[in-house]
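The values are calculated or read from the model by the stated rules, or taken from the named source; none is laboratory data. Small disclaimer: the values here were computed from a predicted structure and weren't measured. Every residue, glycine as well, gets a Cβ built from its backbone with ideal geometry; the counts of neighbours run over all protein chains shown. These accessible areas exclude ligands, DNA and RNA; they are computed on the full protein's heavy atoms, side chains included. Shrake-Rupley method; radii C 1.70, N 1.55, O 1.52, S 1.80 Å.
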Amino acid sequence: MIAKTINLSLVICGIFLSMFLHGQNQIPAPKEVVHKSDYFSIDQKLRVKNSNASEDNSNLLNDFLRSITNVSNIDGKHLFIHLKKTDSLSLKKTIEENNLNSGNNLGNEGYILNIDNRKIEILALEDAGIFYGIQTLRQLFNNYRKEKKIPCMVIYDKPDIAIRAWQDDISRGPIPTLATLKKQIEIMSSFKLNYFTLYTEHVFKLDQHPTIAPVDGITKVDLEELSAFAEKYHVTLIGNYQSFGHMKKTLSNPKYTYLAENDHIISPAMEESYEFLEDVYSEMVPLYKGEYFNINCDETFGLGEGKSKAMVDSIGIPGIYAYHINRLDKILKKYNKKILMWGDIATSHPEIISALPKDMTVMAWGYHPAKSFDYAIEPIIKRQLNFWVAPGVSCWSNGYPNLKHAEINIYNFIRDGYKFNTKGVLNTSWDDDGLNFFNYNWHGFAWGAENSWNAPANLSELASDEERVKLYKQFNKAFDVQFYGLLNNESITALMHEFSSLHQSNIKKVLKNERFFEGIFPIHLDYIRTRNKEKNKIILDQLDAIRLQLEKLKHKPTRNGTTQDYLIYSVNQTRFTIKKNLFRIALYQYLYEETAITEIELETTKGELVNELEKLKTSYILLWNNENRPHWLSHNIEKFDKLIKSLEGIGNHVLIEPLNEVNEKGRKVSIRTVFNDYPIYFSINADTVNSSSTLFKAPFYLKEDAVIQAVSYDGKSSGTIQNKDLLYHKAIGKLHQLSSTYSNYHPSYDGGGEQGLLDGQIGTKDNLKSGKWQGYSGQNIELEIAYSANDVLHSFSMGFFQNTESWVIFPKQVEIYIKSNLDGDYQLYRTIKSTIPPEEKGNLKQLYTTDLGDLKTKYMKVVAQYYGKLPEWHKAGSKYESMIFADEIIIK
């Protein structure tokens with residue numbers, strides 16, 4: 001009999017332990033949980049009692065209870081949930097009675113959730129704490145809805161970081177509907193985020209300046225309604241307006257170009273600029289109840305090169321920054337607001353700190369998966385500035401977020417910010433290419449909420465990584481339960497991660513939007529390397545398996561199920577990218593390797609791709625309209641239409657093919673179309689090309705620099721005009737050996753392959769991805785050129801690109817070595833030093849030139865010495881290697 005009692009007790013304990021562990025799927029996880037015996041039944045009438053808590057909290061809880069069970073607000077003997085805003089003495093008593101170890105200081109947002117078999121109490125000092133206690137209770141109800149009973153327990157909980165914010169970029173394309181913004185607030189507040197900002201450049205509809213915003217921009221009425229809605233969920237809206245740089249869309253308006261310093265900076269040299277900003281602030285700032293207003297003021301490249309040049313000459317760039325920020329602060333003080341801004345300016349110019357407002361806050365930001373973000377935070381700490389940290393969900397320019405990058409970036413940045421006592425976290429999304437759906441971003445923002453409430457511990461690098469992996473696994477399980485309502489170990493999150501892991505696959509940038517929308521041509525070498533066909537097929541099989549599993553789970557979520565449509569769309573988009581990759585490989589083999597594939601087979605595959613793209617376009621429009629206003633949709637649909645048109649016309653695509661060899665006749669150039677034998681017309685060094693131009697009949701030779709244009713005609717319409725700028729010089733095709741390895745970070749960085757620096761084609765500073773620039777990371781460029789015995793060399797030129805912000809810096813110097821025979825030793829002949837420092841901002845091109853003095857040599861070695869690691873002042877820190885980009889070596 002005793003044994004049976006013991007066994008029964010063990011069974012009961014096992015049931016409760018199982019239920020208790022099941023209930024830990026919460027976001028964010030509570031600070032302390034003390035488990036008790038017995039349980040509270042949720043399958044019966046419940047009554048909400050309210051002692052001093054707000055009616056909004058009572059109403060929110062009642063609304064939730066009505067959705068899951070029977071609710072009665074009349075007196076009776078029903079079980080009840082008691083919302084109890086109380087004093088610190090009552091809280092202390094509750095803590096002592098339940099043997100809680102976390103201390104008495106709950107603060108404004110802390111709460112105690114006490115569950116016994118007859119009642120549930122939520123105790124807090126303030127309504128925010130009551131609200132967060134309700135969110136935890138809702139999550140427990142979600143966890144145990146199958147069992148219909150919650151284990152008795154006491155939860156003590158409070159946040160580690162006071163300001164836990166997220167940002168939606170509404171200025172780079174999509175402008176969300178009001179319903180979408182409200183949904184963000186409802187869901188993000190359930191994960192205990194408490195601040196929200198809309199990144200705003202030009203989309204707010206101003207009464208005084210009505211021509212700036214698009215027709216369906218954000219209105220005052222929108223913000224008033226959103227602010228009132230957010231207040232019920234204890235979310236504070238942070239005002240936001242770009243007030244220095246990133247103002248291109250405003251300044252491109254003819255009415256406001258006179259205010260421009262350059263195309264994207266409003267000039268601080270004009271009093272009218274501040275009159276304009278004061279107008280904007282007078283309409284926007286009063287709509288926000290929070291104490292902060294984000295003036296942004298980042299990335300002001302080119303400041304001092306326009307109207308403010310005289311100011312720069314007088315007080316310098318730092319002086320202008322201090323002047324501008326203080327002018328904005330003076331305006332904002334009228335509304336009792338404190339400046340919030342990105343940390344670029346203040347950390348780059350420490351000499352102005354003493355002249356800045358003492359109550360301003362700067363945000364340290366960085367979005368890569370760094371092991372440490374001390375480099376971004378320590379300069380701010382040294383200057384004794386208030387600061388927040390701003391990680392990101394890694395959605396920008398991606399067909400789906402890079403979840404691995406977001407996992408590391410968000411965790412490590414918040415960890416390091418908390419170590420230095422940050423007061424806030426702003427987790428960001430950016431819509432750089434205007435294509436991103438917000439519905440891709442819930443997971444990354446929820447992960448930010450978890451770590452903002454429960455800040456990661458400051459451990460050794462290895463221990464921190466191990467802790468992150470463990471916590472992330474728990475979080476992902478909780479996300480399935482709390483966001484999707486999945487139980488029984490079903491997981492959409494696992495499929496999300498399997499899909500997102502393709503960011504780390506051996507098919508470069510396969511989840512990037514640019515890969516989806518790029519045409520078939522140019523065919524970069526990286527696309528047709530050995531085994532790429534097999535690699536693409538493996539990923540296609542993986543995508544098909546993911547899609548099948550998602551379809552099986554289609555009706556499983558009890559919440560937020562429509563977000564699956566966005567995930568499925570992204571999988572289908574990536575399938576198209578892979579199938580286009582396979583088509584490109586087959587086409588290349590048809591053109592250059594004489595494979596058995598036929599034109600008919602390629603035409604059939606092309607037709608399938610066009611049909612699939614049309615379906616994706618239709619799906620994209622539906623998904624867009626589900627969350628966004630019409631603004632910018634037409635721009636994105638143009639990208640679909642452009643790709644459809646290019647695929648449909650692939651047969652008439654003209655290929656201009658110069659031979660990488662120069663002989664006594666010159667350089668041979670051939671022209672052909674891909675499939676169809678239609679007439680081709682071409683011109684050399686002319687303004688245009690049409691059916692009146694020269695009909696191509698046979699290859700021709702060039703002995704001078706030339707711009708060739710060519711187009712095909714099918715009798716009714718023309719194809720797309722193709723052009724190629726060709727230089728003529730003595731080194732074309734004369735590569736003896738390339739000793740460096742060009743970067744495969746982006747396919748275009750091959751610059752045309754091994755002969756890319758000697759192919760007679762140059763790049764412009766406006767397009768680093770034209771396929772004419774060859775990029776190298778963390779190494780010198782070293783190559784050898786072999787000349788004929790009769791070559792007389794008069795001059796040398798080599799072009800380089802610089803944008804230090806993008807990690808690309810001019811070489812320190814270019815060295816030219818010569819030798820007369822293969823077995824000899826090279827001797828240094830010339831050294832050409834850089835004349836432009838890495839501090840110079842923007843996209844720059846520099847030619848390293850020298851007179852060769854009628855040189856006759858058999859072999860020449862060119863060494864371009866790369867800069868080394870990034871400068872100490874670089875925003876990414878000095879741990880990373882810089883890159884060097886060159887376009888062509890020109891020997892005359």
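Assorted remarks:
Residues are listed down the side, and each one gets a yes or a no for (1) more than 20 Å from Phe521 (Cβ to Cβ); (2) not in a strand (DSSP E or B):
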| residue | (1), (2) |
| --- | --- |
| Asp641 | no, yes |
| Ile644 | no, yes |
| Gly651 | no, yes |
| Glu661 | yes, no |
| Ser670 | no, no |
| Asp677 | no, yes |
| Ala686 | yes, yes |
| Asn690 | yes, yes |
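- Where a residue in the range 199-216 is under 17 Å from Gly434 (Cα atoms) and its partner, wherever it lies, is of a type in the set (D, E, K, R) and part of a loop (DSSP other than H, G, I, E, B), with Cβ under 7 Å and at least six apart: Ala213/Lys205; Asp216/Arg629
- Test: residue in the range 804-819 that is in a loop (DSSP other than H, G, I, E, B), modelled with pLDDT under 95 and among the hydroxyl-bearing types (Ser, Thr, Tyr): no
- Checked across the range 607-622, the condition of being over 23 Å from the mean Cα position of the chain (by Cα) and under 23 Å from Ile671 (Cα atoms) holds for no residue.
- Residues within the range 129-159 that are modelled with pLDDT of 95 or more, assigned to a helix (DSSP H, G or I) and more than 16 Å from Ile187 (Cβ to Cβ), tallied: 5
- Note on the range 522-558: among residues that are among the polar types (S, T, N, Q) and farther than 28 Å from Phe479 by Cβ, the one that is most open to solvent (accessible area, probe 1.4 Å) is Thr530.
- Residue in the range 340-357 that is in a strand (DSSP E or B), touching a residue at least 12 places away in the same chain (Cβ under 8 Å) and aromatic (Phe, Trp, Tyr) present: yes
- A single entry from Ile295, Ile315 fulfils the requirement of being touching a helix residue (DSSP H, G or I) at 6+ places or on another chain (Cβ under 9 Å) and more than 20 Å from Leu385 (Cβ to Cβ): Ile315.
- Inter-residue pairs, beta-carbon under 7 Å, first of a type in the set (Ser, Thr, Tyr) and in the range 698-718, second in a loop (DSSP other than H, G, I, E, B) and modelled with pLDDT of 95 or more, 6+ apart: none
- Residue among Ser354, Ser394, Ser372 that is surrounded by 20 or more Cβ atoms within 10 Å (Cβ to Cβ) and either modelled with pLDDT under 95 or not β-branched (Val, Ile, Thr) (or both): Ser394
- Residue within the range 762-772 that is free of Cβ contacts under 8 Å to residues at least 12 places away in the same chain and closer than 30 Å to Trp873 by Cα present: yes
- Selection status of Tyr701, open to solvent by 30 Å² or more (accessible area, probe 1.4 Å), touching a helix residue (DSSP H, G or I) at 6+ places or on another chain (Cβ under 8 Å) and not small (Gly, Ala, Ser): no
- Every residue from the range 230-259 that is open to solvent by 40 Å² or more (accessible area, probe 1.4 Å), in a helix (DSSP H, G or I) and closer than 28 Å to Asn59 by Cβ: Glu231, Lys232
- The condition (being more than 26 Å from Ala406 (Cβ to Cβ) and surrounded by fewer than 20 Cβ atoms within 10 Å (Cβ to Cβ)) is satisfied by just one residue among Gly561, Gly519: Gly519.
- Only listed residue being open to solvent by less than 50 Å² (accessible area, probe 1.4 Å), more than 16 Å from Phe885 (Cβ to Cβ), touching a Ser or Thr at 6+ places or on another chain (Cβ under 7 Å) and of a type outside the set (A, V, I, L, M, F, W, C), chosen from Tyr776, Tyr787: Tyr787
- Within the range 308-325, being buried (at least 16 other Cβ atoms within 10 Å of the Cβ) and within 20 Å of Leu259 (Cα to Cα) holds for Ser308, Met311, Val312, Ile317, Gly319, Ile320, Tyr321, Ala322, Tyr323, His324, Ile325.
- Residue list for the range 191-226, restricted to those being open to solvent by 20 Å² or more (accessible area, probe 1.4 Å) and assigned to a helix (DSSP H, G or I): Lys220, Val221, Asp222, Glu224, Glu225
- Residues (open to solvent by 30 Å² or more (accessible area, probe 1.4 Å) and closer than 23 Å to Tyr742 by Cα) located in the range 852-882: Lys861, Gln865, Tyr866, Tyr867, Lys869, Ser878, Lys879, Tyr880, Glu881
- For the range 813-847, a residue qualifies if it is closer than 26 Å to Leu768 by Cα and either crowded, with 16+ Cβ neighbours inside 10 Å or in contact (Cβ under 8 Å) with a residue 60 or more places away in the chain (or both), and the qualifying residues are Val814, Glu815, Ile816, Ile832, Ser834, Pro838, Lys841, Gly842, Asn843, Leu844, Lys845, Gln846.
- Taken as a whole, the range 168-187 holds no residue that is over 28 Å from Ala478 (Cα atoms), free of Cβ contacts under 8 Å to residues at least 40 places away in the same chain and either surrounded by fewer than 23 Cβ atoms within 10 Å (Cβ to Cβ) or not hydroxyl-bearing (Ser, Thr, Tyr) (or both).
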